[in-house]
Structures are given as C-alpha cells and as structure tokens.
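As structure tokens, the structure follows; a few thoughts come after it.
The values are calculated or read from the model by the stated rules, or taken from the named source; none is laboratory data. This is a predicted model, so every value here is computed, not measured. Don't worry about glycine lacking a Cβ; one is built from the backbone with ideal geometry, like all the others, and counts go over all protein chains shown. All accessible areas refer to the heavy atoms of the entire protein, side chains included, with ligands and DNA or RNA removed. Shrake-Rupley method; radii C 1.70, N 1.55, O 1.52, S 1.80 Å.
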Amino acid sequence: MKIQGQAALVTGGASGLGEATARELARLGAKVAVLDRNAELAEQVAKDIGGIACACDITDTESVSAALDRAAAAHGPARILMNVAGVGGAKRIVAKDGSPAPLEDFTRVVNINLVGAYNMSRLFAARCAKLDPAEGGERGVILFTASVAAFDGQVGQQAYSASKAGLAGMTLPMARDLAQHGIRVCTIAPGLFATPLLKELPEPVQQALAASIPFPPRLGAPSEFAELACHIVTNGHLNGETIRLDGALRMSPR
Ligand SMILES: NC(=O)c1ccc[n+]([C@@H]2O[C@H](COP(=O)([O-])OP(=O)(O)OC[C@H]3O[C@@H](n4cnc5c(N)ncnc54)[C@H](O)[C@@H]3O)[C@@H](O)[C@H]2O)c1
C-alpha cells in the first residue's frame, strides 16, 4: 500500500518507537494522527510533523472511538494502524519475602499491551473493512509491536512476555480473519532500542546492553524500527508474520 497521502494512526506516537514511526510516516507523505495517553507530548510531536494529536487510552473503547472520529474528521478514514503503545514492568512471581506477586501487576501490563492493542485493532478494522479497496484490493494494514521478550523473556518478565507473545500469537489469526477484507496484519518484535526508556539507564548499563547484541553491537535506532514499520505497509506480500528486529540478540535469563 502506498503511504503517500494515506491517513495513518500511530498509538504511542508521542515517544520512542511510536514517535519515530509517526515522523517517518509523515516524511513519506502520510497524514498522521498521534494517539497517546500523554496529551502534551502527543501535541508536540503532531505539531512538529504537521499531523494531529488525539489523546486517548487504548484500553478504553469510548476514548479510542472518539480518537478515531477525530482523526477521520481531520484526515479522512485511516488505512494504516501502527500499534506501538505499550508499557514495561518486571516482577518475580514469588517475591524475596515469599509473598506472591500482586495479580493487578500482571493484569495491568497484559491489559495495556495486549488487550489495548486488540481493542484498537478491532475498532479500526471494523471501519477499514467498510472502505473501498485501494490498489491491489488492499483496504488497510495493521502493525503490532511485540518484543523479543515474547520468545526469550527474562526473569520477572512474565506479564510483559505474555502480553508480547499474545500479540505475536494473534497476528496470524487476525491476518486470516481480515484477509477477506483486504487488511494485512504484521508484527515487529524489537530487541533493544535507544528510546527514552533505555536512555534513562546509567551509561555503563546501556553499554553492557549494547555489547550483548551480536551485530551491530549497539542499541537499535528508533528510525530503524520506523523504516521496517513503513516497509511492512508498502510490501503487499508481508502478512501474518512476526519479524524480529534485534541484531541477532537472544536475551539471557537475567
Ligand atoms: N525500547 C525498546 O527497546 C523496546 C524493545 C522491545 C519492544 N518495545 C515496545 O515498543 C513499544 C514502544 O516502546 P518505547 O520504548 O518507544 O516506549 P515509550 O515509553 O518511549 O513510548 C510508549 C508510549 O506509549 C504510550 N502509552 C502507554 N500506555 C498507553 C495507553 N494505555 N494508551 C495510549 N498510549 C499509551 C506512552 O504514553 C508512551 O508515549 C512498546 O510497546 C514496547 O513494549 C520497546
């Protein structure tokens, strides 16, 4: 699908990998709506790229529907959905004092990363399925952002890994569901990227993380994620697949 002139939605577009994706889409000529629960940062990015900001919480159906309405009113119906919003978090299932991990900590991460992305996608897909097909019979493209933790989660990462493995797991069935509507679905599983999250770590820790990557031994640049995200949109034969983007990194247990 051509990106030029297309209306696109980027969740988590206010920061990190989502921000880089919003910028790359805009550079390639898309009309970009930045969907993020951080309204202030979303506004800054949107202003910078000539897009619009839609403050929303991806786990809240009313909030997502209002954001989709606002984006459609400004740019017309969207054909591209980049699900990048997500949260981290690690907790051992049995704490050092022997107490079980609080269940809310697990459900919160899964609710944002997995249920939120599904919520966004179902509401987007229902609208997209009603559009006229574009070239090649395509109506739209959905991208999910998993993590290498979907496959090699570290100590304490049960909630995060489960949420990201859930995204990888639903990629094929969603692609199969939406094939009849001409909507493709793909997932990127990033390794270690230089986003605000990792940049806050002390420099020696960042260097150690970078050195753990076989090649290139450096953190991924958000622009490299954004390039792949946009390639997935333009390559009409990519569908139902999860692509690792990690410099051959395999995470160690801790
Ligand atoms: N940075 C990495 O190395 C890395 C590696 C693997 C996977 N990921 C994944 O990539 C995605 C982006 O990560 P990042 O490093 O850019 O993080 P980030 O914290 O810089 O950006 C995440 C954005 O998502 C938004 N967000 C969070 N919950 C939301 C909600 N409920 N509704 C709407 N917006 C919400 C935040 O406000 C924030 O702007 C996440 O899903 C993360 O799990 C990142």
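Listing for the model above:
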item	result
Search result, residues across the stretch 196-254 that are farther than 25 Å from M1 by Cα, open to solvent by 60 Å² or more (accessible area, probe 1.4 Å), out of contact with any helix residue (DSSP H, G or I) (no Cβ under 8 Å at 6 or more places or on another chain) and within 12 Å of the ligand (Cβ to nearest atom)	E200
Unmet criterion (only one of (1) open to solvent by less than 60 Å² (accessible area, probe 1.4 Å); (2) within 11 Å of the ligand (Cβ to nearest atom)) for A55	(1)
Residues of the stretch 3-20 satisfying the condition of being of a type outside the set (A, V, I, L, M) and either open to solvent by less than 10 Å² (accessible area, probe 1.4 Å) or part of a loop (DSSP other than H, G, I, E, B) (or both)	Q4, G5, Q6, T11, G12, G13, S15, G18
Test result for I80, open to solvent by 70 Å² or more (accessible area, probe 1.4 Å) and touching a residue at least 60 places away in the same chain (Cβ under 8 Å)	no
Residue check, A73 open to solvent by 40 Å² or more (accessible area, probe 1.4 Å), free of Cβ contacts under 8 Å to residues at least 12 places away in the same chain and either outside any strand (DSSP E or B) or more than 10 Å from the ligand (Cβ to nearest atom) (or both)	yes
Meets criteria (more than 12 Å from the ligand (Cβ to nearest atom), touching a residue at least 60 places away in the same chain (Cβ under 8 Å), more than 27 Å from E200 (Cβ to Cβ) and assigned to a strand (DSSP E or B)) for A33	no
Residue count, the stretch 158-192 (criterion: part of a helix (DSSP H, G or I), under 21 Å from A78 (Cα atoms) and open to solvent by 10 Å² or more (accessible area, probe 1.4 Å))	5
